[in-house]
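To start, the structure under review is shown below, and the notes come after it.
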Amino acid sequence: MSEALFAERTATAGSVPNHATASLAEADRLMTVCNSCRYCEGLCAVFPAMEMRRAFPDGDLNYLANLCHNCGACYWDCQFSPPHEFDVNVPKVLAKVRNDSYAHYVWPGALAGVFARNGLFIALAAAFGVAAFIIGFAAWHDAATLFGTHTGPGAFYRLMPHNTMVALFGAVSLYAVVAIALGIRAFWRDIAAPRAAITDWASIWQAVKDAGSLRYLDGGGVGCMNDDEKPSDARRLYHHLTFYGFMLCFAATSTATLYHYLLGLEAPYPWYDLPVVLGTVGGIGLLIGPAGLLAAKWRREPDLIDETRLGMDVAFIAMLFLTSLTGLLLLVLRATPAMGVMLAVHLGVVFALFLTMPYGKFVHGIYRALALVRYAHERRLESHG
Amino acid sequence: MPSDETSYDVLVIGGGNAALCAAISARREGARVLVLEASDAFWRGGNTRHTRNMRCAHDAATESLSGPYTEEEFFEDLMRVTKGRTDQDLARHMIRESKTMLTWIEEQGVRWQPSLGGTLSLGRTNSFFLGGGRAMLNALYRTAETLGVEIRYEAEVTALEIADGMFLSATVNGETLRAKALVAAAGGFESNIEWLKRYWGEAAENFLIRGTRNNKGTILRLLLDAGVQEVGDPTQCHAVAIDARAPKYDGGIITRLDCVVFGIVVNKHAQRFYDEGEDIWPKRYAIWGRLVAAQPDQIAYIIFDASSLKLFMPSLFPPISASTIEGLAEKLGLEPAALRETVDGFNAAVQPGTFDDKVLDDCRTDGLDPPKTHWARRIEEAPFYAYPVRPGITFTYLGTRVNEEAQILMADGRPSANMFAAGEIMAGNVLGEGYAAGIGMTIGGVFGRIAGREAARTARGNRAQGTIAAKEATDV
Ligand SMILES: Cc1cc2nc3c(=O)[nH]c(=O)nc-3n(C[C@H](O)[C@H](O)[C@H](O)COP(=O)(O)OP(=O)(O)OC[C@H]3O[C@@H](n4cnc5c(N)ncnc54)[C@H](O)[C@@H]3O)c2cc1C
Ligand code: SF4
Ligand code: SF4
């Protein structure tokens, strides 16, 4: 064989010459490999979506990366995963691309770097939030109020007027919603998703079901392969506890808001009342879930992890855990003199959670759900010819 | 873990589909089973880790199969691809047993991919493993371990002690291991270039091995030397044309090139040597390994132009490209004028027709030798492309003769007292030549299950003697 031929021998074929990052170039190479293999096509949504394409420009790779649920199955099932010289590690490379994509879509763009230093950023935001609230409480009333015992309806608001709380949280949530919405817009444009997809109700409903059940975190039916090639559904279970726990807590807050404005009932509510029940059940889920996810992360096969973003993952899990922990402690301690400080700490943590939402792991759920909408839409178009 | 060295009932050599099916089946019969696999845990299961499907007869459509595939049809297919070179009784027996394999393999934790999802148009005859062969193997290993099968990696067997057709012990890393029965499931000899050279000469140096580097035929050699009856033609094997840039071993499925029908194939003298459009590709892809093996330096080049590039999926390596035929020849190390002449001659011979890559169309050459009888289109639209190809050996057919109980037969025709074989190592009983997709796994699965069961019964002293009684005992 001529030497020229050897010179062109390359392990990195890929389909498109230029990519924004090395991870995207590697993802292109892998998708080209996978597209000529296709053994994994039954495992999740990524491979069927890949098969609808021949070439993989950055936008498509970002879409595929956000479709991936990181179940690990295709790593253990792949005959070419490392140490094979083809070095096919789809979960890890897609994780990198996915994590990079969050920074790519962030608003304001100047904060893109935050994702890389997310652990530190969250810690600072949380410290800031908690400090601000404690100072705020103390400033509002004297120290005696902060450390006094308050019970009965309106007890919380003796420390900080309800309207002030609403204004603060209204502002920070509005900010989070705007920032996330702008991120969504950037994502949708980048992956060049058709406008029709986002108004296709059947696809949206399909995506809601797929996201709600974490359909693609099941390794193609047996469970995700996190620690080794033996599947287990633990991660999915913990994620469900986390997600639905979060939603219950959200529902608790929403009901409380309705109680306040529609029924004129002021917090704190008795333990058997709806906001407390929802918050307690959700809070317990939000304790066990993140703890389990953290443990799973600990046990994860190192070769599957995007080690550069471990901080971001851990920070988000920790924030959820703290939100729940402080909330439950507040419930337990609300009739004691510790209530004032506990309330301040809880609100501070929640404030920080909201503030950091657009800049951390929280966005994974949003982009993944949107990717699922697009996928459902693509599938529908395909099956209709 | 058994410390007494004689405490194993069944020793299984190998770690692929045949070995694991045998180990599981022996264990389910109550035997104490030890599996010896030459490779480490990552590379375990040699060629099996590269597979994607299995061919089993079935009377009705299932979730993973689009329609019935009767025993008779399976048998006819086998007779057609082997041109009748098969042990017909044994083949019929295998096909009959393949029916229950579909559910048996599922019971061992392997999952099938639902029909239609498959990329090959074989959804009716072949079942695809969800996640491919390595996923399938992982499931078998999981099940074997759960059942209590002992598995040793990096345990290459280098010697066998056999006396008068009776297996006594095996040597692994200097250690002697005894067992009451043996299942040989250690693959063919495709990765043993020296052995291949005995039949192919120096040409074998240029062969690429599509699968494992560990199937060196050591066990096959040891058995044959111990008086076991040989079966099959040593030059027969499954071989396809694969990208010449593929690694020597384990390039797997993704180095296969499916674009022969879209262009012309030339040798190192830039000469065509076979009708590229003889038949639809799935029916012809397995002849191109041999065709290229017969060319000088065992190298050939598939040449096509821009109009064909999008007609097939890109493969692992990009095609080599140039804006002129001469430029392409230079990059390939071919004589530019010679390639020009071949392409011009081909172009001039192309007759008008309606191109359709889905059927045997009417695009052909006239007055060309060899002709291209379908899908012949002029190669004229720049850029021009080429894939260099070499013979890629999948697996060899030479093996040990067995009977319906997977029992190894000795040279004098008597069955060995306690030796059984399954998989590639006995594929030649069924495959005299040719191949039907998915049959490699059928041979391993069916005979692996039988071998394991019979070895366990032999070891535990309750194996029914004689074929009639043994047949009654074949239900599981
Ligand atoms: C790329 C590719 C794709 C294929 N696709 C398909 C397909 O889709 N469907 C199909 O039916 N067939 C397919 N085949 C063929 C199929 O792989 C084989 O027929 C089948 O896997 C053989 O199984 P086996 O258990 O006999 O051998 P293997 O799976 O190769 O296992 C043999 C084992 O023996 C071990 N071994 C060897 N020597 C020793 C020793 N001395 N001591 C200890 N252990 C030893 C090896 O390490 C190896 O693990 C494919 C083959 C290749 C290369
Ligand atoms: S991950 Fe590996 S086995 Fe799966 S499709 Fe890609 S190359 Fe094939
Ligand atoms: S890790 Fe799981 S979800 Fe991601 S591509 Fe692989 S199989 Fe699909």
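The values are calculated or read from the model by the stated rules, or taken from the named source; none is laboratory data. Note that the coordinates shown come from a computational prediction; the quantities given were computed from them, not determined experimentally. Quick reminder, even Gly has a Cβ in these numbers, built from the backbone with ideal geometry, and neighbours come from all protein chains shown. Accessible surface is based on the protein model in full, side chains and every heavy atom, while ligands, DNA and RNA are left aside. Shrake-Rupley method; radii C 1.70, N 1.55, O 1.52, S 1.80 Å.
Starting from the range A:212-292, pick out the chymotrypsin sites (Phe, Trp or Tyr not before Pro) whose DSSP state is loop and whose Cβ has at most 12 other Cβ atoms within 10 Å.
Numbers: sites: A:TYR216, A:TYR238, A:PHE243, A:TYR244, A:PHE246, A:PHE250, A:TYR259, A:TYR261, A:TRP271, A:TYR272; in loops: A:TRP271, A:TYR272.
Within the range A:212-292, the qualifying chymotrypsin sites (Phe, Trp or Tyr not before Pro) (loop, at most 12 other Cβ atoms within 10 Å) are A:TRP271, A:TYR272.
Enumerate the amide H contacts of B:VAL402 below 5 Å, restricted to partners 5 or more residues apart or on another chain; note that Pro and chain-start residues carry no placed amide H.
Under 5 Å from the amide H of B:VAL402: B:LEU409.
How large are Rg and Dmax for the range B:355-433 when only the alpha carbon atoms are used, in Å?
Rg then Dmax for the range B:355-433, in Å: 23.3, 66.
On a 0 to 90 degree scale, rounded to 10, what angle separates helix B:439-459 from the longest Cα axis of chain B?
10
Please list log₁₀ I(q)/I(0) at q = 0.07, 0.09, 0.10 Å⁻¹ for the protein assembly as shown, using the Debye equation with identical point scatterers on the alpha-carbon positions.
-0.66, -0.95, -1.09
Of the accessible area of the range A:3-105, with the probe set at 1.4 angstrom, what percent is carbon plus sulfur?
Values: 1630 of 3040 Å².
Accessible surface attributable to carbon and sulfur in the range A:3-105 totals 53 percent.
Order the following by accessible area, largest value first: A:GLU382, A:GLU301. Probe radius 1.4 Å; ligands, DNA and RNA are ignored. Walk me through the numbers on the way to the answer.
On the way: A:GLU382 100, A:GLU301 45 Å².
Highest to lowest solvent-accessible surface, that is A:GLU382, A:GLU301.
On the protein heavy atoms, probe 1.4 angstrom, tell me the percent of accessible surface of the range B:238-392 carried by carbon and sulfur. Could the numbers behind the result be given before it?
Numbers: 2890 of 5750 Å².
Percent of accessible area from carbon and sulfur atoms in the range B:238-392: 50.
From the helices alone, meaning DSSP H stretches of at least four residues, give me the mean residue ellipticity at 222 nm for chain B, per-run term -39500 (n - 2.57), in deg cm²/dmol to the nearest 500.
Details: 12 runs with 135 residues, N = 476.
Estimated from H runs of four or more residues: -8500 deg cm²/dmol.
With no solvent and one point per C-alpha, what does the Debye sum give as log10 I(q)/I(0) for chain B at q = 0.10 Å⁻¹?
Taken in order of the listed q values, log10 I(q)/I(0) reads -0.74.
From Cα pairs below 8 angstrom and at least 6 apart in sequence, can you work out the relative contact order of chain B, rounded to a whole percent?
Numbers: 1144 pairs, mean separation 112.2, N = 476.
Value for chain B: 24 percent.
Over the range A:103-157, what lengths in whole Å, largest first, do the semi-axes of the equivalent ellipsoid take, defined as the square roots of 5 times the eigenvalues of the alpha-carbon gyration tensor?
On the way: eigenvalues 263, 28, 17 Å².
The equivalent ellipsoid of the range A:103-157 has semi-axes of 36, 12, 9 Å.
Output the DSSP H helices from chain A with an along-axis C-alpha extent of no less than 27 Å and a mean Kyte-Doolittle hydropathy no less than -0.5. Mind showing how you got there, number by number?
Details: long enough: A:118-140 (32 Å, 1.97); A:162-190 (41 Å, 1.10); A:234-258 (35 Å, 0.53); A:274-299 (37 Å, 1.32); A:310-333 (34 Å, 2.23); A:363-383 (30 Å, -0.26).
Going by DSSP H runs, the hits are A:118-140, A:162-190, A:234-258, A:274-299, A:310-333, A:363-383.
To the nearest 0.05, what FRET efficiency results for B:GLN351 and B:GLU202 with a Förster distance of 41 Å applied to their C-beta separation?
After rounding to 0.05, the efficiency reads 0.55.
Mean shadow of chain A, computed from the convex hull of its alpha carbons, in nm²? Intermediate results must be reported in sequence, preceding the final value.
Details: hull surface 86.3 nm².
So the mean shadow area of the Cα hull is 21.6 nm².
Could you give the length gained on full extension between A:ALA295 and A:ASN163, defined as 0.36 nm per residue of separation minus the Cα-Cα distance, in nm? Each step should come with its number before you reach the end.
Details: separation 132, 0.36 × 132 = 47.52 nm, distance 3.97 nm.
Computed gain between A:ALA295 and A:ASN163 is 43.5 nm.
How big a patch of accessible area, both sides summed and in Å² to the nearest 100, lies buried between A and B at a 1.4 Å probe? Can you show the working numbers first?
Details: alone 18250 and 18820 Å², together 33400 Å².
Chains A and B together bury approximately 3700 Å².
If I histogram all Cα-Cα distances within the range A:194-328 using bins 5 Å wide from 0, what percent of pairs lands in each bin?
2, 10, 14, 16, 16, 14, 13, 9, 4, 2, 0, 0
If you count only protein heavy atoms with a 1.4 Å probe, what accessible area per residue comes out for the range A:109-381, rounded to a whole Å²? Can you show the working numbers first?
Details: 12640 Å² over 273 residues.
Here the residues of the range A:109-381 average 46 Å² of exposed surface.
Here are some pairs, A:LYS92/A:LYS361; B:LYS197/B:LYS248; A:LYS230/B:LYS248; A:LYS230/B:LYS180; which of them have Cα atoms lying more than 26 Å apart in this structure? Don't skip to the answer; put the middle values down first.
Details: A:LYS92/A:LYS361 16 Å; B:LYS197/B:LYS248 16 Å; A:LYS230/B:LYS248 31 Å; A:LYS230/B:LYS180 32 Å.
Cα-Cα > 26 Å for A:LYS230/B:LYS248; A:LYS230/B:LYS180; rest within.
Using θ = phi - 60° and the Karplus curve 6.51 cos²θ - 1.76 cosθ + 1.60, what whole-Hz ³J(HN,Hα) does each residue of the range B:327-340 get, with Gly and Pro shown as x?
x, 5, 4, 4, 4, 8, x, 9, 6, x, 5, 5, 5, 3
Could you state the accessible area per residue of chain B in Å², with a 1.4 Å probe and every protein chain left in place?
Details: 17030 Å² over 476 residues.
Dividing the accessible area of chain B by its residue count gives 36 Å².
Counting only helical runs of four or more DSSP H residues, what would the 222 nm mean residue ellipticity of chain A come to if each run contributes -39,500 (n - 2.57) and the total is spread over all its residues?
-21000 deg cm²/dmol
If contacts are Cα pairs under 8 angstrom and at least 6 residues apart, what is the relative contact order of chain A in percent?
Taking the mean separation of contacting Cα pairs over the length of chain A, I get 25 percent.
For the modelled label position 7 Å from the Cα of B:MET166 along Cα-to-Cβ, which residues of the range B:217-247 have backbone nitrogen atoms closer than 20 Å?
Once the point is set 7 Å along Cα→Cβ of B:MET166, B:223-229 turn out to lie under 20 Å by backbone N, inside the range B:217-247.
How about the range B:314-337: which of its residues lose at least 30 Å² of accessible area in the presence of all protein chains relative to their chain isolated, using a 1.4 Å probe?
Relative to the lone chain, where solvent access is computed with a 1.4 Å probe, the range B:314-337 loses at least 30 Å² at B:PRO314, B:LEU316, B:PHE317, B:PRO318, B:ILE320, B:LYS331.
Cα gyration tensor of the range B:163-206, axes a ≥ b ≥ c as square roots of the eigenvalues: rounded (a/c below 1.5), prolate (a/b > b/c) or oblate? Could the numbers behind the result be given before it?
On the way: a/c = 3.32, a/b = 2.57, b/c = 1.29.
The shape class here is prolate.
Give, in whole angstrom and from largest to smallest, the semi-axes √(5λ) of the equivalent ellipsoid of the range A:3-105, with λ running over the eigenvalues of the Cα gyration tensor. Could you put the intermediate results ahead of the total?
On the way: eigenvalues 85, 59, 32 Å².
Output for the range A:3-105: semi-axes of 21, 17, 13 Å.
Okay, which of the range A:299-333 sit inside 16 Å, backbone N to the point 7 Å along the Cα-Cβ direction of A:LEU111?
Under cut-off, by backbone N: A:312, A:316.
What number results when the radius of gyration of the range B:238-392, computed over Cα atoms, is divided by 2.2 N^0.38 Å? Show your work: numbers first, answer last.
On the way: Rg = 14.2 Å, N = 155, 2.2 N^0.38 = 15.0 Å.
That works out to 0.95 for the range B:238-392.
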